[in-house]
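What follows is a short report on a single structure.
The values are calculated or read from the model by the stated rules, or taken from the named source; none is laboratory data. Since this is a predicted model, take the numbers as computed values, not measurements. Here the Cβ positions follow ideal geometry from the backbone for every residue, glycine too, while neighbour counts run over all protein chains shown. Areas reflect the complete protein model, heavy atoms only, side chains present, ligands, DNA and RNA absent. Shrake-Rupley method; radii C 1.70, N 1.55, O 1.52, S 1.80 Å.
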Amino acid sequence: MMKEEQAVWQMLKKTKQRERICRILTEAGKPVSAADIYQELLRQEEGYTCAISTVYRILQAFEEKHLISRTTLPDSDMAVYEWKQESHCHYAICLKCHKRIPLKECPFHSEFGMEETFQVTGHKVEVYGYCEACMRDG
């Protein structure tokens, strides 16, 4: 069992469905949608039945415990979810094809200069634009 998974079960009751979704998220290595997770659940186990609403409820429980981050693309209702790692990642997101390109480093590695007036517990940076392929295709 991965270190991340052990921490989860200290915060939430362990169920087979939560365990499967946790594993999908930790192994994905990139943000995935609830639909992606649902399709992966069905692909992994033939005859497996689970309602998409169950996937959303589990994602909500993970989000409430600050285990995952949720992002919604501009001009879209679709959210994507990513397991929070010890070292975090920010993305450049293509507005045309929705490709997510990891930024090489965090632009906020230095202090915010607010230590005495504000305790920073996290941050999220997303840069929007067009990837190389979409710029080339016009």
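Taken over the stretch 8-67, the criterion of being charged (D, E, K, R), loosely packed, with under 14 Cβ neighbours inside 10 Å and within 14 Å of Glu82 (Cβ to Cβ) is satisfied by Glu27, Lys30. The residues of the stretch 69-96 that are over 25 Å from Gly129 (Cβ atoms) and open to solvent by less than 90 Å² (accessible area, probe 1.4 Å) amount to a single one, Trp83.
Table: residues versus (1) outside any strand (DSSP E or B); (2) modelled with pLDDT of 85 or more; (3) more than 19 Å from Ala34 (Cα to Cα); (4) among the acidic types (Asp, Glu).
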position	(1), (2), (3), (4)
Arg70	no, yes, no, no
Tyr81	no, yes, no, no
Cys89	yes, no, yes, no
Ile93	no, no, no, no
Ile101	no, no, yes, no
Glu105	yes, no, yes, yes
Met114	yes, no, yes, no
Thr121	yes, no, yes, no
Met135	yes, yes, yes, no
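Pairing each residue of the stretch 14-37 that is within 18 Å of Lys65 (Cα to Cα) and outside any helix (DSSP H, G or I) with any residue that is open to solvent by 20 Å² or more (accessible area, probe 1.4 Å) and among the hydrophobic types (A, V, I, L, M, F, W, C), provided the two are 6+ apart or on different chains, yields no C-beta distance under 8 Å.
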